[in-house]
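Asker: Pasting a structure here, questions to come.
Quick note: the coordinates plus some simple rules give every number you see, no bench work behind them. What you are looking at is a predicted structure, and each value in this text was computed from that prediction instead of being measured. Counting neighbours? That spans all protein chains shown, and the Cβs are built from the backbone with ideal geometry, glycine included.
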Amino acid sequence: MTPRLYSLLPFLLLACGTTAAHAEATATASLTSFSYQLIDLDPADGIAPSLTLSGQNLIVSAAGFPDDSGDSDPSSTLLVPGTASVNMYYGSASSTFGTDGSFATATASNHEAMAVSISRWNFSLSAHTTVIFTAIGSASANYEGNMRAFGDAAIFAQYRISPDVGYTTLQDDVFISSGNGGRPLSLSISSSDTELAGIVGNAASAEAYSLTPVPEPESYAMLLAGVAVLACCGRRRKA
């Protein structure tokens, strides 16, 4: 190996060691106190205000994404209340749905980690009634270096007043991509002379990801192999 390569090698090794201490990103989200209130818009019509929630669809999922293919590995998904979690060498992710609400956490020092808890119901609202859905949403996102993160807590609804008109979509959420925050969330839906049907739900999601993937140990080995090749080339030129 040439003297110049010898002098550079310690710095190359040092660079490998410092790069391995990856920057980190962490995101959280929570959706709690989901409830509703009914308001009678026409007390004289003889129709008692009512809201029916049925057919709950639930997805509780956590996953890691080790490359740009879009394929998760590992992943864990539940369709019932509980906690889904995964652990990777570069981070972890966990999501929970239970009586206390929806929660999601993701941490990564490279690649991508994601967690989401989504609950959705079909609803039927009596005529001449307003329903106000409320919840408390909070989220946080902290990162350094080439990492990024976001947390999102939301309530949402979709309905169609009649077959002749398009769907109305409503959403209120707390979306945080840096720092932390939280506030009360609310949606208001009103029916006219007939019952109103649609879907309503809530979600908590968290994601931590890398803007530029940090080289893995295999890349460091390739770097050192390249140094060796350069050394051989230097010896041949001297020969």
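Asker: Would you pull out the residues with amide H under 5 Å of Ala127's amide H, same chain only if 5 or more places away, H placed 1.01 Å from N?
Answerer: Glu195
Asker: Expressed as a rounded percentage, what relative contact order does the range 23-213 have, with Cα pairs under 8 Å and six or more residues apart? Working shown, then result.
Answerer: Working: 639 pairs, mean separation 56.7, N = 191.
Relative contact order comes out at 30 percent.
Asker: Please give the peptides 191-197, 60-66, 108-114 ranked by average Cβ packing (other Cβ atoms within 10 Å per residue), highest first, as a rough proxy for protection.
Answerer: Details: 191-197: 14.6, 60-66: 23.1, 108-114: 25.6.
Result, highest mean Cβ count within 10 Å first: 108-114, 60-66, 191-197.
Asker: I would also like to ask the following. Tell me, what ³J(HN,Hα) does each residue in the range 79-85 have, in order and in whole Hz, if you take phi through Karplus 6.51 cos²θ - 1.76 cosθ + 1.60 with θ = phi - 60° and put x for Gly and Pro?
Answerer: 10, 9, x, x, 10, 10, 8
Asker: Once fully extended, how much extra length lies between Val165 and Ala23, figured as 0.36 nm per residue of separation less the alpha-carbon to alpha-carbon distance?
Answerer: Working: separation 142, 0.36 × 142 = 51.12 nm, distance 4.96 nm.
Going from the current span to full extension adds 46.2 nm.
Asker: Work out from phi, with θ = phi - 60° and the Karplus expression 6.51 cos²θ - 1.76 cosθ + 1.60, the ³J(HN,Hα) of each residue of the range 39-44, listed in order in whole Hz, and give x for Gly and Pro.
Answerer: 10, 7, 7, 8, x, 8
Asker: Let me ask you something else. Name all residues of the range 32-76 having a backbone nitrogen under 17 Å from the label point set 7 Å from the Cα of Ser190 along its Cα→Cβ direction, giving them as ranges.
Answerer: Under cut-off, by backbone N: 37-45, 49-50.
Asker: Give me Rg/Rg_expected for the range 54-204, where Rg uses Cα atoms only and Rg_expected = 2.2 N^0.38 Å with N residues.
Answerer: 1.20
Asker: I would also like to ask the following. Using amide H atoms built in the peptide plane, which far-off residues or other-chain residues are under 5 Å from His111 H to H?
Answerer: Ser210, Val214
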